[in-house]
1. Considering Val80, Val48, Val64, which residue is under 24 Å from Gln108 (Cα atoms), at pLDDT 85 or above, open to solvent by less than 30 Å² (accessible area, probe 1.4 Å) and not small (Gly, Ala, Ser)?
2. For the list (1) within 10 Å of the chain's Cα centre (by Cα); (2) in a loop (DSSP other than H, G, I, E, B); (3) closer than 15 Å to Ile93 by Cα, I need the number of the one condition that Gln58 fails.
3. Hey, Asp88 hits all of (1) at pLDDT below 90; (2) of a type in the set (Asp, Glu); (3) open to solvent by 80 Å² or more (accessible area, probe 1.4 Å); (4) in contact with a strand residue (DSSP E or B) (Cβ under 9 Å, 6 or more places away or on another chain) but one; which does it fall short on?
Amino acid sequence: MVHYYDFFYVKTIFYHAGGVVVDICAPDPVAKIGNTKYATLDEAFAAVQAGQTIEIIQAGTYTVPNISQNITVIGGVEGVVFDCTGGDSVASIPNGATFKNVTMTFGQVNYTGFQHA
């Protein structure tokens, strides 16, 4: 699991070990909760607590996971899509969960944002 913290996030780090330079590149973060950034959306959903907000900071098409608590998910960039058409089941989303500035696709129908009340 890769966590990103704003005060030391660097894309490439060079270490000199015995005359060899090793290039270590971390993937760009996909989401953040507060100031903590996560390499994958699954990691962010695993870490989120009730009442917190996940901000997605990388455009892409994602799958809605099962959500067990009231959280807010915000698309921090244009092009955040949740595909709700595939798979054998529909994700479980509790009352009070909110999705903002994202597109939810359900077959031929698209919704921008979602609030389960």
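1. After ruling out the rest, the residue left standing is Val80.
2. Single failed check for Gln58: (3).
3. (4)
The values are calculated or read from the model by the stated rules, or taken from the named source; none is laboratory data. Predicted model, so just to flag it, every value in this text is computed and none were measured. For neighbour counting, all protein chains shown are included, and Cβ atoms are generated from backbone atoms with ideal geometry for every residue, glycine included. Accessible surface areas use protein heavy atoms only, side chains included; no ligands, DNA or RNA. Shrake-Rupley method; radii C 1.70, N 1.55, O 1.52, S 1.80 Å.
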